[in-house]
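S.K.: Dropping the structure in here first, questions after.
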Amino acid sequence: MSRQRGITRHKLGGFTLIELLVVISIIAVLMSILMPALQRARMQAKNVQCKANLKSYGLVMQLYTADFEDRLPESFTAIYSWETIREGMRLAGGGWNPSIPGEYNLRPDGTYIPYLQANVKSNICSVFQDVYHRKWAGRGKPGFTYSFNWWLNADKPIIPKITMVKHPSRTFFAGEECVWQANDASGKRVNGAIFNDNSLCTFWSASASLQWVQGFNPDDPPPYTDVFGEYHRASTRKIYSAMDRGELCGGVSNTVCVDGSVQEVTPFDTLRYAIGIK
Ligand SMILES: [Zn+2]
């Protein structure tokens with residue numbers, strides 16, 4: 001009688017070790033099946049947010065050009081003024097990385113800030129921020145993660161007015177710049193900024209850009225300096241290992257074009273999208 005009660009209690013009150021192990025291993029198998037899918041879903045959500053950010057940059061472009069007779073300002077100082085950039089770099093102990101002011105909570109005071117207003121938060125793509133923290137662990141939030149098209153610039157004699165753009169749906173206004181450190185054929189480092197600097201100029205100098213355009217063949221690979229990044233549609237592991245080796249990883253960037261459309265592009269699209277070649 002008492003023995004029977006004991007068995008009943010055992011069955012209702014707990015599991016045997018074997019049962020527990022079976023349950024744990026089933027959970028482990030389920031996790032291994034679900035985790036990559038969850039990670040993909042998270043990356044997808046970040047990509048959608050990034051595109052929404054760029055959509056609001058497209059609006060900034062419309063508002064700004066409406067106020068300034070279709071002209072766009074110097075791209076380097078779109079988010080922070082030179083003074084604030086220099087102050088941020090001084091606080092960080094030097095080094096060319098204009099997104100540093102964000103880490104020291106310096107106030108964004110660049111040309112587009114009055115137009116961004118409540119959308120100042122949209123300066124940050126969280127995928128880029130992850131990469132930034134991977135590169136420089138323990139540092140604060142970058143000041144921005146998008147770069148503007150250096151060629152669309154009233155101060156430079158290239159495309160001084162937005163109305164002069166031949167192919168608005170194939171010319172970018174703002175996009176994500178590469179993180180990859182570029183070397184020339186002899187292995188010497190050619191690009192100064194490891195991270196983006198708010199200005200995507202396709203090359204490290206204006207004269208080099210022009211030279212490249214003159215002999216431009218859209219099917220040639222670009223020299224990997226100031227080009228679109230590859231933060232989306234690639235696994236973080238792939239992005240990080242490519243970053244460490246200064247290689248490409250096959251991902252895509254988001255960009256907003258002069259017509260306001262947000263598109264996915266690759267480093268190979270950079271020059272085409274910079275100067276509006278179809
Ligand atoms: Zn992004």
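Readers should treat all values here as calculations from the given coordinates under stated rules, not as data from a laboratory. All figures in this text were calculated on a predicted structure; none of them were measured in a lab. Cβ atoms come from the backbone with ideal geometry, glycine included; neighbour counts cover every protein chain shown.
S.K.: Taking 0.36 nm per intervening residue step and subtracting the Cα-Cα distance, what contour gain separates Ala66 from Ser235 on full extension?
M.R.: Extra length available between Ala66 and Ser235 comes to 56.8 nm.
S.K.: Which aspartates and glutamates have a Cα less than 18 Å from the Cα of Lys46, not counting those fewer than 8 places away in the same chain?
M.R.: Of all the aspartates and glutamates, those that pass the test against Lys46 - Cα under 18 Å, at least 8 places apart if same chain - are Asp130, Glu176, Glu177, Glu230, Glu264.
S.K.: Which of the pairs Lys51/Lys156; Lys166/Lys238; Lys55/Lys166; Lys55/Lys161 have their Cα atoms more than 30 Å apart in this structure?
M.R.: Table pairs above 30 Å Cα-Cα are Lys166/Lys238.
S.K.: Quick one: 3J(HN,Hα) in Hz for the range 248-258, Karplus 6.51/-1.76/1.60 with θ = phi - 60°, rounded, Gly and Pro as x.
M.R.: Values per residue, Gly and Pro as x: 8, 10, x, x, 10, 10, 9, 8, 10, 8, 4 Hz.
S.K.: Over the range 65-184, what is the relative contact order in whole percent, taking alpha-carbon pairs under 8 Å and six or more residues apart?
M.R.: It comes to 29 percent, rounded to a whole number.
S.K.: Right, here's the next one. Given H placed 1.01 Å from N in the peptide plane, which residues other than close sequence neighbours of Phe173 have an amide H under 5 Å from its amide H?
M.R.: The list, which skips near neighbours in sequence, is Val256, Cys257, Val258.
S.K.: For the ranges 80-88, 65-73, what's the packing order if you count other beta-carbon atoms within 10 Å of each residue, average per peptide, and put the highest first?
M.R.: My ranking of the peptides, most packed first, is 80-88, 65-73.
S.K.: Once phi is turned into ³J(HN,Hα) by the Karplus curve 6.51 cos²θ - 1.76 cosθ + 1.60 with θ = phi - 60°, what whole-Hz value does each residue of the range 41-54 show in order, with x for glycine and proline?
M.R.: 5, 5, 4, 4, 5, 5, 5, 5, 4, 4, 5, 5, 4, 5
S.K.: Another question, then. Using a cut-off of 15 Å between beta-carbons, work out the net charge of the residues near Leu91 (Lys and Arg +1, Asp and Glu -1, Leu91 not included).
M.R.: Every neighbour counted, the sum reads +2.
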